[in-house]
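See structure below.
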Amino acid sequence: MQIATAAEAGTLIRRLQEGVWQLAALAVALNDDPGRDAEQKRQAQQVLVELGLMSETSGGVVPAAGLAEIVNSGSVDIAAVSAANILQTAGMLSGAAAWASQNDEALLAQGRGSAQAAAAFKMFGLPMLEGLGDLFDGESPQMLDVGVGVGAMAVAYCRTFPGLRVVGLDVLPRALELARRQVGEAGLAERIELRQQDVASLEDDRTYALAWLPAPFVPRPALEAGLPRLAKALVPGGWLMMAHGKLHDDPLQNALSRFQTTVYGGAAVDEDEAQALLRGVGLEQVLSPPTPEGAPAITVGRRPGGPTGAGAA
Ligand SMILES: C[S@@+](CC[C@H](N)C(=O)[O-])C[C@H]1O[C@@H](n2cnc3c(N)ncnc32)[C@H](O)[C@@H]1O
C-alpha cells in the first residue's frame with residue numbers, strides 16, 4: 001500500500017513519532033525502580049490510561065485486565081523489553097553501528113528482557129525435548145550460553161534449575177564485566193563460568209546438556225564456524241537451541257526483523273535455513289516449535305547417541 005498524499009504521510013509519521021513516546025511511557029509506568037521521578041511516572045501512567053492499558057481505581061492507577069494478564073503471567077518483563085527497544089534504536093541513531101557500541105543501560109535492559117526465557121523454557125521447552133529432563137536431573141548438568149551478555153539469562157537459568165551450571169561465552173569485554181558484577185551479586189559465581197571467547201573457537205567436547213545460540217546477534221562467519229563446534233560440545237542426547245528471526249505473513253514485520261538483525265550485528269536466518277544448518281552439523285529431531293507473539297523463533301536439534309525410548313522422555 002502506497003501513501004499518496006502529504007496529509008496522510010504526515011499523519012502516519014506523527015503516529016510513529018508519538019509511538020516512541022508511548023512506548024517510553026510504558027517502560028516508565030511499569031518500572032518499579034523506586035528512584036524514578038514520581039511525577040514522571042504518574043504522567044506516564046496517564047498515557048497508558050488513555051491507551052486503555054491501565055485504569056484509574058480508588059487505590060490508584062493499575063494495569064487494566066489485558067495488561068494485568070501479561071504482567072501476572074511473568075512471561076515477559078514489559079518495562080525492560082520496552083526500554084531495550086528504545087535504548088537500542090537510540091544507540092544506533094547516535095552512531096553506535098553495532099551491538100558492541102550500545103551503552104551499559106541498553107545491554108542491561110536487553111539482559112533483563114532475555115532473562116524471562118528461563119521460566120518459559122522450564123514450562124514449554126524442557127518437557128518437549130526428549131531426554132533433556134533426565135540430563136538435567138543427572139550428575140552436574142551443564143548449559144552453554146553463547147552470547148552470555150550481562151549474564152541475566154544465565155542467572156535466571158541457574159535460579160530456575162538449582163542443579164545446573166552455566167558456561168557463558170561472549171566477545172564483548174564490557175558485557176562480561178557487567179556479567180561478572182551481576183553473577184557476583186546473585187551469589188552464583190561458583191555455578192556460572194564467564195569466558196571471553198568467540199563461539200567460533202569453542203573447543204569443549206561432550207560437555208553440555210543444552211546449548212543456547214542467539215543467531216540474530218552472532219555474525220554469520222562465527223555462526224557457521226561455531227555450529228559444528230557446538231554440535232561436538234553437546235553430550236550425546238544433548239540439545240542445541242538456536243534463536244533466530246521469525247518469518248511472518250506480514251511483509252512489514254519481516255522487513256523490520258531484517259533491519260533489527262543489521263543493528264544487532266548477527267545473521268538473518270529463517271526457519272528453513274535454521275533447520276538446514278542444524279541438520280547439516282549432524283543434529284537430529286530438528287524442529288521449530290511455535291513461540292509466543294513477540295518472542296524470537298527457535299529451532300532445536302539433538303546430538304545423536306543419547307538414550308531413547310519411554311524412560312528417556
Ligand atoms: C542479546 S546479547 C545476550 C543477552 C544475554 N542473554 C543477557 O542475559 O544479557 C547477545 C550477545 O552475543 C554476543 N556475541 C556476538 N557474537 C558472538 C560470538 N561470535 N561469540 C560469542 N558471543 C557473541 C554479543 O556480544 C552479545 O553480548
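The values are calculated or read from the model by the stated rules, or taken from the named source; none is laboratory data. Values in this document were obtained by computation on a predicted structure and should not be read as measured data. So basically every Cβ, Gly included, is an ideal-geometry build from the backbone, and we count neighbours across all protein chains shown. Each accessible area value is taken on the protein alone, full model and side chains, heavy atoms only, with ligands, DNA and RNA left out. Shrake-Rupley method; radii C 1.70, N 1.55, O 1.52, S 1.80 Å.
Structure above, values below:
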| quantity | calculated |
| --- | --- |
| Accessible area of segment 158-307 divided out per residue, in Å², using a probe of 1.4 angstrom | 47 |
| Of all accessible heavy-atom area on the chain, the percent that carbon and sulfur account for (1.4 Å) | 56 |
| In segment 158-195, the GluC sites (Glu not before Pro) that fall in loop regions by DSSP, at most 14 other Cβ within 10 Å | Glu190 |
| Whole-Å semi-axes of segment 1-160's equivalent ellipsoid (Cα gyration tensor) | 34, 22, 17 |
| Extreme residue, positive dipole direction of the chain, given options Ile13, Leu87, Leu30 (C-beta unit charges) | Leu87 |
| Estimated distance in nm for a label pair at Arg180 and Ala90, the labels positioned 7 Å out from Cα along Cα-to-Cβ | 2.8 |
| Reachable aspartates and glutamates from Lys41, criterion Cα separation under 18 angstrom, eight or more residues apart if same chain | Glu18, Asp32, Asp33, Glu50, Glu56, Asp77 |
| Max mean-square fluctuation residue, GNM over the chain, Cα-Cα springs under 10 Å, options Met54, Met153, Met241 | Met54 |
| Gln253-Arg42 pseudo-label distance in nm [points 7 Å out on the Cα-to-Cβ vector] | 3.9 |
| Of Ser288, Ala231, Gln260, farthest towards positive along the dipole that unit charges on Lys, Arg, Asp, Glu beta carbons give segment 192-313 | Ala231 |
| Counting DSSP beta bridges with both ends in the chain, the antiparallel % (nearest 5) | 40 |
| Selected from Val61, Val218, Val150 as most flexible by GNM, with the chain as the system and alpha-carbon contacts under 10 Å | Val61 |
| Cut-off 12 Å (backbone N to label point 7 Å along Cα→Cβ of Gln285), residues of segment 234-250 | 236-240 |
| Loop trypsin sites (Lys or Arg not before Pro), segment 1-109 (other Cβ atoms within 10 Å of the site Cβ: 16 or fewer; DSSP) | Arg36 |
| Rg/Rg_ref, the chain, where Rg_ref = 2.2 N^0.38 Å and atoms are Cα | 1.06 |
| Relative contact order %, the chain, counting alpha carbon pairs below 8 Å whose residues are six or more apart | 13 |
| Size of charge dipole - the chain - debye, nearest 20, with Cβ of Lys, Arg +1 and Asp, Glu -1, no other charges | 340 |
| Cα-based reach from Lys246 at 16 Å (exclusive), listing aspartates and glutamates while leaving out same-chain residues under 8 positions away | Asp270, Glu271, Asp272, Glu273, Glu293 |
| Net charge over other residues, Cβ less than 13 angstrom from the Cβ of Lys41 (K, R count +1; D, E count -1) | -2 |
| Mean-position separation - Cα centroids, segment 1-28 and segment 134-164, in angstrom | 41 |
